[in-house]
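Have a look at the structure below, then the notes.
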Amino acid sequence: MVISTTSNLVADLQAELTEYDFIQYQTVSSAIEACHKKLPDILFFDDQLNGDSLLSGLKTVYQGDKIPIVVVLDDDSDESIARITATGFFDYLLKPLRPALAGYRIRHILVLSQIYQMQQALRQSEERHRMISNTISDYAYSYVVNEDGSLKKEWSTQAFHDITEYTFQEVDNGGWERLIHPDDIPAAMKRYERLMQGERDVTEFRIITKSGKIRWLLDHGYPVTNEQGRVTHIYGAAQDITQRKQDEEMLRQQAEELRARNEELDAFAYTVAHDLKNPIASMMGFASLMQNYYHKMDEEKILEYLGLITESGYKLKDIINALLLLAGVSKEKQPDIIPLDMKIIVDDSKRRLAQLIDETQAEMSYPDDFPIAVGYAPWVEEIWANYISNALKYGGRPAKITIGADEPKDGMIRFWVRDNGRGLNSEEQSRVFTPFTRLNQVKIEGHGLGLSIVQRIVNRLGGDVGVKSVLGEGSEFSFTLPEWDGTI
């Protein structure tokens with residue numbers, strides 16, 4: 001939601017950030033009315049409007065205090081920041097509102113919101129399972145402890161069979177070894193030792209059911225001793241905690257994914273700040289020179305400066321397009337997967353790089369026929385374009401590039417691009433596909449996004465990326481795609 005009187009603000013944001021839906025309101029009252037119907041994920045608020053009115057209005061909205069608010073300021077002077085902080089706002093962007101920075105702020109806020117929701121879900125899950133463990137049992141049992149320390153079952157509830165799929169008699173007659181998961185037998189033995197020493201025990205361990213499924217149990221054991229201190233009975237109650245374990249593992253994986261996304265967002269912010277700075281500074285510098293000394297310049301110098309400004313503009317466009325593609329590959333639903341004519345795709349990629357091929361005087365060779373793989377042609381073209389572009393930039397002079405494919409193996413086809421560059425050492429090879437990494441091979445302009453895009457695309461299409469390199473002998477970058485099985 002955007003609360004601003006600036007015309008076309010939402011249209012400008014929507015045009016650049018198509019993955020989000022923006023709605024603009026001209027007044028605070030109309031925005032509050034909309035919030036009563038549906039809470040926005042994020043609210044951009046123009047500082048020219050009444051901030052106190054907004055905050056008081058949100059108090060009337062259910063969970064209105066949970067809406068993240070970004071104030072759009074005319075300036076970031078100490079006075080302005082102190083004023084909005086005193087009002088109750090703590091996040092801001094400067095006018096004019098730039099879609100790239102707004103998009104970064106939206107993604108950052110949404111990730112933080114996801115982390116908070118995950119933490120809340122984890123706390124609720126832990127509390128729920130604590131209550132269940134303290135109040136109910138999935139099954140209960142009783143054993144008599146013989147003089148020799150062996151156990152004899154007295155009774156158990158029907159739930160034992162429901163969980164393990166064994167009857168208690170099947171297990172009692174020498175079947176306990178196959179019931180406990182092999183990796184958890186040491187823990188089960190230590191549990192037995194503690195119980196036989198008269199100690200209460202609570203242990204989590206896995207069992208293998210009769211049908212071969214793995215289930216987790218939380219088993220509470222209570223030993224009973226006689227007057228001589230010998231354990232004569234063991235009573236117990238066990239809960240099937242398989243679902244809880246699965247939930248915990250899912251939450252752990254999701255938390256790890258969010259952690260990785262946070263690291264990537266940090267790298268993203270660095271990339272935007274670092275890579276956009278140079279072309280912007282160049283444009284501002286030459287524009288300032290023309291503004292101040294235009295009357296002293298001849299036509300040739302003016303055209304030169306205009307050309308440099310235009311060149312910086314194209315660099316900005318390339319960087320932004322790459323960032324949008326990287327975000328789009330992560331967000332877009334799985335595309336239509338069809339058999340690929342790889343020769344045509346490579347030809348198209350080569351045409352895109354015609355100017356760079358001419359500049360590097362590159363020699364490029366590839367077969368007329370490739371094994372048929374399946375994938376999404378526009379994405380696969382991006383893979384080839386990035387690999388070939390890197391081979392042209394980092395290859396020898398003149399660049400010699402060979403493109404090919406291996407015979408299908410285990411249902412996958414490996415495609416590759418070889419160059420005659422200086423090669424990569426082992427440390428560089430380990431980092432080459434890391435998001436936003438730029439290897440300092442030679443002074444080549446680039447924004448460190450290409451191989452990150454390749455890896456995202458290939459993973460989405462069910463394949464893997466790879467690199468082989470020997471210093472002084474060049475590099476080979478590869479990717480795999482599923483082989484076409486002959487069906488459409």
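Here, each number is a calculation from the coordinates, and none is a lab measurement. Remember, it's a predicted structure, so these values are computed and weren't measured experimentally. Note: ideal-geometry Cβ built from the backbone for every residue, glycine included; neighbour counts use all protein chains shown.
A few remarks follow.
- In plain terms, the chain is cut at each of the chymotrypsin sites (Phe, Trp or Tyr not before Pro) found in a DSSP loop with at most 12 other Cβ atoms within 10 Å, and the longest leftover piece is 91-488.
- Distant-in-sequence amide H partners of Val70 (H built 1.01 Å from N, under 5 Å): Leu43, Phe44, Phe45
- Approximating the spin labels as points 7 Å out from Cα along Cα→Cβ, the Leu101-to-Glu249 distance works out to 4.5 nm.
- Shape class of the stretch 19-125 from the Cα gyration tensor (axes a ≥ b ≥ c, square roots of the eigenvalues): prolate, since a/c reaches 1.5 or more and a/b is larger than b/c.
- In degrees, nearest ten, helix 377-394 long axis to first principal axis of the chain (Cα): 70
- Cross-link reach list, aspartates and glutamates versus Lys277, counting only Cα pairs under 16 Å and skipping chain neighbours closer than eight places: Glu311, Asp318, Glu445
- Its relative contact order, with pairs defined as Cα atoms under 8 Å and 6+ residues apart, puts the stretch 348-438 at 29 percent.
- Helix 185-196 and the longest principal axis of the Cα set of the chain meet at an angle near 40°.
- Electrostatic tally near Arg200: other residues with Cβ closer than 12 Å to its Cβ, Lys and Arg +1, Asp and Glu -1, net -1.
- Two-decimal log10 I(q)/I(0) for the stretch 136-240, as the Debye equation yields it once each C-alpha is a single scatterer, q = 0.10, 0.11, 0.19, 0.20 Å⁻¹: -0.26, -0.31, -0.98, -1.09
- Dimensionless Rg ratio for the chain, taking C-alpha atoms and the 2.2 N^0.38 Å reference: 1.39
- Theoretical FRET efficiency, 1/(1+(r/R0)^6), r = Cβ-Cβ of Tyr314 and Met189, R0 56 Å, to 0.05: 0.20
- Calculated over the stretch 338-482, the projected area of the Cα convex hull averaged across directions stands at 8.0 nm².
- Other residues with beta-carbon under 11 Å from the beta-carbon of Pro99 carry, at +1 per Lys or Arg and -1 per Asp or Glu, a net charge of 0.
- Each label was represented as a point 7 Å from its Cα along the Cα-to-Cβ direction; for Glu363 and Thr487 these points are 4.6 nm apart.
- Taking trypsin sites (Lys or Arg not before Pro) in DSSP loop conformation with at most 14 other Cβ atoms inside 10 Å as exposed sites, the chain has its longest uninterrupted site-free stretch at 60-199.
- Taking GluC sites (Glu not before Pro) in DSSP loop states with no more than 16 other Cβ atoms inside 10 Å as exposed sites, the chain has its longest site-free stretch at 20-146.
- Neighbour-count ranking [beta-carbon atoms within 10 angstrom, fewest first] of Ile32, Ile81: Ile81, Ile32
- Charge tally in the Cβ shell below 15 Å around Pro482, where Lys, Arg are +1 and Asp, Glu are -1, Pro482 excluded: -4
- Legend: P(r) of the stretch 182-222 from all alpha carbon pair distances, 10 Å bins from 0, whole percents, reading 29, 50, 19, 2.
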